[in-house]
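The values are calculated or read from the model by the stated rules, or taken from the named source; none is laboratory data. It should be emphasised that the depicted structure is a prediction, and the values quoted were computed from it without experimental measurement. In this analysis, Cβ positions are derived from the backbone assuming ideal geometry, glycine residues included, and neighbour counts consider all displayed protein chains. Surface accessibility is based on the protein's heavy atoms, side chains included, excluding ligands, DNA and RNA. Shrake-Rupley method; radii C 1.70, N 1.55, O 1.52, S 1.80 Å.
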Amino acid sequence: MPVWRRNLIVCWFGMFVTGVGMSQIAPILPLYIKELGVQDTNAVARYAGLAFGITFIISALFSPVWGMAADKVGRKPMLLRASLGMALVIGAMGFAQSVHMLVGLRLLQGVITGYGTACTTLIATQTDKEHAGFALGTLSTANVAGSLLGPTIGAFIAENVGLRDSFFLTGALMLIAFFTTLLFVKETFERKDRKVMRFKEVWSAVPEKSLTLTLFAAFFMLTAAMYSVEPIITVYISRLTENAGHVALLAGLTFSASGLANIISAPRLGKLSDKIGSHRIILVALLAAGLLFIPQAFVTRPWQLMVLRFLLGLAAGGLNPSVNTLIKKITPDFLTGRMFGFSMSAAYLGVFGGSVLGGQMAGWLGFRSVFFTTALLLLGNAVWVYYKVYKKLNKEREVWNI
């Protein structure tokens, strides 16, 4: 088996488990906070929002830091640091004795994360050009699938085994990721003695600043879109069905439908981007995702929403690998880790921003407004990408080998 393919398999598993670890707490968080002694409903909601969101905000701040470290000392050491650290911290959440301890551990989880950044950089730099799109496409499914399936997995474990056991199991899986990384990941890394570059120096070394920022924005927008329905999906499903006993199951299946579709489409669209150009895939993905949000506001049955979410996942699968492939091609090798760190920050901010946007829009303007607003933002972003990315790269395909 080629080294790049073996690295891809190990990184896929690690990123999937990391995605699960970041998101599996969402459906069980209020229940766990009550178990820790908080009984007031308003206080539970406040602590739940803080505990869930703080991990993604802190991760967004630290991802570029770990990306810089990956460029200096290698990507495998960062994989080992993040996987072992998350195994210990997530496992420790199962022993939390107070809500403050839980929030502190969630904050620490955000600090030590960086597995996804290191994995993306490793695969981007260690895979040949012929397989780069396919490899990055396959890898992108891991974190997305883990994040989208995580709530369903967490709820299932908590309901059938126990609340604390969901943390122990996720920690054990991260420990397996640590050992598989230690034993099977191979990296050819030549450490170069470079002075520590300040942000201003890093940014001045980026050859395509406008294009890079546009790619980050596109990454942020689609991630936010995928998570905009998270705060409302259970209540929305309850309005579409008369069988209240299966609302949780239907909501989990609906939310996970886009994750399953993403797993199916991302490797194929990543491979297609190698042939026709990543910029074309990005534009089509944004347009399709924007259009698919509109009919979700008019569904009358849960199965209709599931189908549309599945189609959304198929479209969204083309964006992440294409963005990563373009970032790799327009970024100097010594800055790759840092740029992927920034792109991961955009994704984490998208998760947080999408959840906040969805909840606030539904509360003030109604459920349908969430779908309309998200569609409008995606389609507007598609127009921006057309002028800033598509037209530019169509003229310069030979220059960038895209």
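Electrostatic bookkeeping for PHE178 treats Lys and Arg as +1 and Asp and Glu as -1; over the other residues with beta carbon under 14 Å from its beta carbon, the sum is +2. Selection among GLY150, SER98, LEU283 by position relative to the dipole of the chain gives LEU283 as farthest towards the positive end (Cβ unit charges, Cα centre). The H on the amide N of GLY162, modeled in the peptide plane, is under 5 Å from the matching H of no residue at least 5 residues off or on a different chain.
Protein heavy-atom accessible surface, 1.4 Å probe, per residue over the chain: 42 Å². The alpha-carbon atoms of the chain, seen along their principal axes, cover 57, 44, 41 angstrom, with the largest extent given first. Remark: the range 246-386 projects, on average over all directions, an area of 9.1 nm² (convex hull of Cα atoms).
I want the local charge near ILE157. Using Cβ-Cβ distances under 11 Å, sum +1 for each Lys or Arg and -1 for each Asp or Glu among the other residues. Result for the neighbourhood of ILE157: -1.
Dipole magnitude of the chain about its Cα centre, charges +1 at Lys/Arg Cβ and -1 at Asp/Glu Cβ only, in debye to the nearest 20?
Details: 35 positive and 18 negative charges, 207 e Å.
Here the size comes out at about 1000 debye.
Excluding same-chain neighbours fewer than eight residues apart, the lysines reachable from LYS388 by a Cα-Cα span under 16 Å are LYS209. In order along the range 284-297, the Karplus-derived 3J(HN,Hα) couplings, from 6.51 cos²θ - 1.76 cosθ + 1.60 at θ = phi - 60°, round to 5, 4, 5, 4, 5, 4, x, 5, 6, 6, 4, x, 5, 6 Hz, and Gly and Pro are given as x. What is the Cα centroid distance between the range 344-377 and the range 123-171, reported in whole angstrom? Here the answer is 23 Å between Cα centres. 3J(HN,Hα) couplings calculated from phi for the range 75-85 with the Karplus curve 6.51 cos²θ - 1.76 cosθ + 1.60 (θ = phi - 60°) are, in sequence order, 8, 4, x, 5, 5, 5, 4, 5, 5, 5, x Hz; Gly and Pro show x. A cut-off under 13 angstrom between Cβ atoms defines the neighbours of THR214, and their net charge, with Lys, Arg +1 and Asp, Glu -1, is +3.
3J(HN,Hα) along the range 321-329, derived from phi through the Karplus expression 6.51 cos²θ - 1.76 cosθ + 1.60 where θ = phi - 60°, amounts to x, 5, 4, 5, 5, 5, 4, 4, 6 Hz, with x in place of Gly and Pro.
Surface composition of the chain: carbon plus sulfur atoms hold 67% of the accessible area, using a 1.4 angstrom probe and ignoring ligands, DNA and RNA.
The longest part of the chain holding none of the exposed loop trypsin sites (Lys or Arg not before Pro), meaning those outside H, G, I, E and B in DSSP with at most 16 other Cβ atoms within 10 Å, is 199-402.
Would you compute, from DSSP H runs of 4+ residues alone, the mean residue ellipticity of the chain at 222 nm, taking -39500 (n - 2.57) per run and dividing by the full residue count, rounded to the nearest 500? Working shown, then result.
On the way: 19 runs with 325 residues, N = 402.
It lands at -27000 deg cm²/dmol.
Would you work out which of MET68, CYS119, SER140 lies farthest towards the positive end of the dipole of the range 52-165, given +1 charges on the beta-carbon of Lys and Arg and -1 on that of Asp and Glu, about the Cα centre? Toward the positive end, the furthest listed residue is MET68. Pairs from the list LYS271/LYS395; LYS72/LYS129; LYS200/LYS271; LYS76/LYS392 with a Cα-Cα gap above 30 Å: LYS200/LYS271; LYS76/LYS392.
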